[in-house]
Amino acid sequence: MTTTLSYRLPQKRNLVTELPGPQSTALAKRRQAAVPAAIGSSAPVYAADCDGGIIVDVDGNSLIDLGSGIAVTTVGACNPAVAEAVAAQAHHFTHTCFMVTPYEGYVAVAEKLNALTPGDFEKRTGLFNSGAEAVENAVKIARLATGRNGIVAFDHAYHGRTNLTMALTAKTMPYKHNFGPFAPEVYRMPMSYPFRDSFGVDGVSAAQQAISMIDKQIAADSVAAVIIEPIQGEGGFIVPAPGFLPTLADWCHDNGVVFIADEVQAGFCRTGSWFACEHENVVPDLITMAKGIAGGMPLAAVTGRADLMDAVHVGGLGGTYGGNPVACAAALAALDQMTELDLAGRAKHIGDIITEKLTATAESLGAQNPIGEIRGRGGMIAVELVTPGTIEPDANRAKSAAAYAFSKGVIALTCGTYGNILRLLPPLVIDDDLLNEALDILGDAIAAG
Ligand code: PLZ
C-alpha cells in the first residue's frame, strides 16, 4: 500500500484486566437500572477512546476492532479531518433545519453523492438520519413516482427496525417478533445464496425464478420497487451469484419497476469500490446510504434518478434533523478521506489478508474444519460456520468463537439468518500488523469451538 496511515493511539492490543473489567462492570450495573434490556451490546466494555483499529475501554484495555460499530467507522472513529470539520461547524451552528433556513453543506453533500453514485443521468439526493429512514423514503418515492404499491424484498434481507422496514426485514427474532402488525404490500422472494441454494453460482436462473414468482404472485404492473442489498449484511454477508443483480435490474428497467439498492452496510468503499453494486455494473434507480457516510455522525441519504425524486410534491419529503449541518460537514470530510487514503484500495488489501489467513486456518483444521465458506468483498468478509463435513449451520460455534475472541481483546460480530456467521468489517484504516494479530486470535477462536 502506498498510503501511510498515522494514529494518535498506539495500535497495540493490550489487556490489563479481565473483560469486562471493574469499571465496565460498574457501568453495566448502572445501565441495567436505566436502559431497557431490549437494547443489547455484543462487546460490553465501555468505550473511552478509539483510533484506527483500537478501542480503549474505561479500564484501560485496548481491544482490536473488527466491527467498525457495524460498518460505520470506515475512516476511523476519530479521523482528524472529520473531528476538525465537526468542531468547526459546531462553532458556527449545529442546526437550523434545512426545511427552515438551508445551508451549503447539505447541498454540497448532495452534489457529491450525485457524482459518486453509479449512473450518468441527472440525479437528486435527499438527506435523512438513519438507514431505516433512508429506506422508508426510497419506498415513498418509488410508490409515488410509479403510482403502484407492491414492494419486493428478499429472503435474509435486513432493512431496519421501523414499521415499514421491519416488514421488509426477513428475520423475525430479534427484529420483528411480536412487534406487528407490519406494513402491507411487501412481498418476499428467494435470494441467491450460492452456498445454500440449488442454483449455486447460476445467478441468472436464481433471478429468473424470483422474477417468475413476482409475475405469478403480484404482477409486474403492481410492483413499485424491488429493494435489495447488493451484498446482504445482517442476513449473513451473502454475495448473490454473478448475474443475479443485473438480471433483476434489467427486469425492473423493462417493467417500469424502481430498482433500489440498499447500500447502507456495503457502501462507501467497504467492498473495494464506492458502492457494492458497481462490482457487477448494476445502476440502481435509487440508492439508500448511511453508516460509513459521515465518519460516525448520524446521516443517511437517498440518491437517485431526478425524474423519480422530483416526482414528489413540494414538502413531501423531509424531517427536522435530516441532513444536520454537523453531520454534513463530517460527511464532506469523510468522503474526502476515502479518496485521499484510497480506502477502496485498502478494503481490497484487507480482504486479501483476511481471506488468505482464514483459508489457512480452514486448511489447518482438516476434517475438523468448521468453516463452510469464506466469502465477501474487500473489508466485508463472512466466515460461515457449519458442522464439519456438512452445511448444517453451527450458531453455537459462531457465538463461542466471538466470545473467545472478545475474551482475548478482539471484537468480532456475528450475523446471519441462522446466526452462524462471523463477519469481519474492520475500520478501513486498520494497520496490517494489528489486523493480522486479530486474525490469529480469530483462527484460534474458530479452532477452539
Ligand atoms: N439497511 C442494509 O445494514 C443497519 C443494524 C443493527 P439504521 N444494519 C445494522 C441493528 O441490529 O439494529 C441497516 C442495514 C441495511 C438498513 C439498515 C438500517 O440502518 O441506521 O440502523 O436504521
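The values are calculated or read from the model by the stated rules, or taken from the named source; none is laboratory data. Predicted model only: the values in this text are computed from it and were never measured. For neighbour counting, all protein chains shown are included, and Cβ atoms are generated from backbone atoms with ideal geometry for every residue, glycine included. Heavy atoms of the whole protein, side chains included, go into the accessibility calculation; ligands, DNA and RNA do not. Shrake-Rupley method; radii C 1.70, N 1.55, O 1.52, S 1.80 Å.
In table form, for the structure just shown:
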{"item": "Electrostatic dipole magnitude of the chain [Cβ: Lys, Arg +1; Asp, Glu -1; Cα centre; debye, to 20]", "result": "1180 debye"}
{"item": "The stretch 82-340 - Rg and Dmax from Cα coordinates, angstrom", "result": "17.9, 57"}
{"item": "Listed peptides 395-406, 66-77 by packing density, highest first (mean Cβ within 10 Å)", "result": "66-77, 395-406"}
{"item": "Intensity falloff of the stretch 1-154 expressed as log10 I(q)/I(0), Debye formula with alpha-carbon point scatterers, at q = 0.17 Å⁻¹", "result": "-1.20"}
{"item": "Estimated vicinal HN-Hα couplings, Hz - the stretch 185-199 in sequence order (Karplus 6.51, -1.76, 1.60; Gly, Pro = x)", "result": "6, 10, 10, 10, 10, x, 9, 6, 9, x, 5, 10, 8, 6, 7"}
{"item": "Options N163, C269, F195, ranked by Cα towards positive dipole end of the chain, top entry (Cβ charges)", "result": "N163"}
{"item": "Computed accessible area, L5, all protein chains, 1.4 angstrom probe, square angstrom", "result": "40 Å²"}
{"item": "GNM flexibility winner over the chain from T17, T169, T361 (Cα, springs under 10 Å)", "result": "T17"}
{"item": "Centroid-to-centroid separation of the stretch 324-396 and the stretch 226-250 [C-alpha atoms, Å]", "result": "17 Å"}
{"item": "Residue of T101, T25, T247 that the Gaussian network model of the chain assigns the largest fluctuation, springs spanning Cα pairs under 10 Å", "result": "T101"}
{"item": "The chain - Kirkwood radius from inverse mean 1/r over Cα pairs (Å)", "result": "22.4 Å"}
{"item": "Percent antiparallel among DSSP beta bridges (both partners in the stretch 82-340, rounded to 5)", "result": "40 percent"}
{"item": "Interchain or long-range residues, amide H under 5 Å from E373's placed H", "result": "E384"}
{"item": "The chain - percent relative contact order, Cα under 8 Å, separation 6 or more", "result": "22 percent"}
{"item": "Proximal aspartates and glutamates to K357, defined as alpha-carbon separation beneath 14 angstrom and excluding residues fewer than eight positions away on the same chain", "result": "E373, D432, D433, E437, D440, D444"}
{"item": "Within the accessible area of the stretch 82-340 (1.4 Å probe), percent carbon and sulfur", "result": "54 percent"}
{"item": "37 °C / 0.692 mPa s Stokes-Einstein diffusion coefficient of the stretch 335-430, Kirkwood radius on C-alpha pairs, µm²/s", "result": "233 µm²/s"}
{"item": "Table column - 3J(HN,Hα) (Hz), the stretch 261-273, Karplus curve with 6.51, -1.76, 1.60, x for Gly and Pro", "result": "9, 8, 9, 4, 8, 8, x, 6, 6, 3, 9, x, 9"}
{"item": "Under 5 Å, built H, 5+ apart or other chain: amide partners of D59", "result": "S24"}
{"item": "Mean residue ellipticity (222 nm) of the chain, computed from DSSP H runs ≥ 4 via -39,500 (n - 2.57), nearest 500", "result": "-11500 deg cm²/dmol"}
{"item": "Antiparallel DSSP beta bridges within the chain, percent to nearest 5", "result": "65 percent"}
{"item": "Radius 11 Å from Cβ of V264, net charge of other residues (Lys, Arg +1; Asp, Glu -1)", "result": "-3"}
{"item": "Cα-based Lys pair tally, the stretch 82-340, threshold under 26 Å, eight or more apart or on separate chains", "result": "12"}
